[in-house]
Amino acid sequence: MPDWIPDLSQNEKPRYMAIAGAIADDISTGRLSTGDRLPAQRKLAKRLKIHFTTVARGYVEAQRRGLIESKVGQGTFVRVKSRSQRAPLSFPPRPVDLTMNLPPEPDDPDLIERMQSGVEYVARDIVSILRYQGFGGTQADKDAASSWLGRRALEPAQERIFVTPGAHPALHGIMTILAKSDEVILCEQITYPGIRSITAQLGLNLVGLPMDVDGIEPQALTDACKTLRPKAIYLNPTLQNPTTLTIPDYRRKEIVAIARHFHVPIVEDDAYGFIPPHGHAPFAAIAPDLTWHVAGLAKCIGAGLRVAYVVVPDTRSTWPFASTLRASTVMASPLTVALVTRWTDDGTAAMLLRFIRSETAERQKLAAEILPKNSYHGDLLSFSIWVPLPAMWTRSAFVEHMRSTGIGVVASDAFVASGIVPEAVRICLGGPTSRSQVKSALEYIAHALTESPALASSVL
């Protein structure tokens, strides 16, 4: 019903709530039927003579109640009821959570069936899998790790490869080896929150360095190495979380030259390194003797796969790393590792990676189409965007405004290692959130970014 106009004259609630209530009432009376198309938000705002963001917020509220659904490229429709659903939901379903930086989840039946087949294959040997396994991975697991790392042009000796229970335990173990309490670890000024948590737990002094569009500034790194005597440099160099920045080859070589001059190890968190089909050479390929390489699988296959492949710089590092991990984790889950190995061997992991690339690109295209031009930083293959806020917004006000309408985003405070915290937020486009949900959320975010906080929250 593209000509639908709600009657708001008798409703004393805020206008956006009145719009959602009118949709519910008109569904119950039959004025709106399953599958009816609602007017475009801008068109309805013009007819009602109210601000666009008020209508957008009303549609978001109606979607939260399960009354309507947004279809990418088609519009907004009255939601189809399930057989068990007697009436519109009286409570909002789960909000649109754009806080967790997760890859999109597969929805292709053939791919899902293939994934399930891998689970069934592994289950055939369930008894032996439930036993203690060799630390650092079985021979089959290390063969799979070698094959997967080969995608990043890495060919380390297998004795330097460890299969670990995710990137976090690996990073924790590495930092335990490299530094003692109060000693300095360098990183980018805006960095991954996990390394902040790990260094804080270990009592290490994490120092963030100034950045330009290509990453850490070389002069700042040189000065810090001279004055602070750091024990390591932590980098998330490809599709960095949260800025989506990728350090180019020339800057990687500059960083390696400085680190080598001052004998400072590099800890390379390559969580997103496998996503670009033709990525930049990892630090572990440029300076293998200097680099602790952590290749987590959560971001390139699935968030629930708490497995990471770690390449240590040399054979001398194998024993302290193994000892540290044994003390804290004993071993990676044999069941999970067996599944990863199966998916790597039979090509399922590669198919998942291709899906993530494709779906992420589609969601980034939505962001490019919907958000104001030059209002954010993003890469076609990153499943998050970094949004420096307009001067009229503070990060706390923007986060709260988004939360009030059921959209979760993360303020920049979580990512700053040291120095001034910029007025910015990270918005994630992946995870269990559907493409249509992402589209609806981005539409509301777009108009909030172009209006003052007072207008964006208008409830006339």
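The values are calculated or read from the model by the stated rules, or taken from the named source; none is laboratory data. Treat the numbers as computed from the prediction; the structure is a model and nothing was measured. Methodologically, a virtual Cβ is constructed for each residue, glycine included, from the backbone with ideal geometry; neighbour enumeration extends over all protein chains shown.
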Scanning the stretch 236-287 residue by residue, those within 21 Å of residue 307 (Cβ to Cβ) and of a type in the set (A, V, I, L, M) turn out to be 239, 267, 271, 275, 284
Within the stretch 410-436, residues within 16 Å of the chain's Cα centre (by Cα) and within 19 Å of residue 105 (Cα to Cα) come out as 427, 428, 429, 430, 431, 432, 433, 434, 435
Of the listed residues (370, 420, 407, 445), the one being touching a Phe, Trp or Tyr at 6+ places or on another chain (Cβ under 8 Å), modelled with pLDDT under 95 and not basic (Lys, Arg) is 407
All conditions in (1) touching a residue at least 40 places away in the same chain (Cβ under 8 Å); (2) part of a helix (DSSP H, G or I) are true of residue 298 except (2)
- Query: Taking the stated definitions as given, is residue 316 among the charged types (D, E, K, R) and in contact (Cβ under 8 Å) with a residue 60 or more places away in the chain?
  - Reply: no
For this session: For residue 324, state whether it is more than 16 Å from the chain's Cα centre (by Cα), assigned to a helix (DSSP H, G or I) and of a type in the set (Ser, Thr, Tyr).
Result: yes
Within the stretch 125-139, of all residues that are aliphatic (A, V, I, L, M) and farther than 14 Å from residue 342 by Cα, the one nearest to the chain's Cα centre (by Cα) is 130
Scanning the stretch 294-324 residue by residue, those touching a Phe, Trp or Tyr at 6+ places or on another chain (Cβ under 7 Å) and of a type outside the set (Val, Ile, Thr) turn out to be 295, 299, 300, 309, 313, 321, 322
Filtering the stretch 15-52 for residues that are surrounded by fewer than 24 Cβ atoms within 10 Å (Cβ to Cβ), of a type in the set (Val, Ile, Thr) and under 21 Å from residue 450 (Cβ atoms) leaves a count of 1
Counting only residues in the stretch 191-236 that are within 17 Å of residue 173 (Cα to Cα) and of a type in the set (Gly, Ala, Ser), the one surrounded by the most Cβ atoms within 10 Å (Cβ to Cβ) is identified as 232
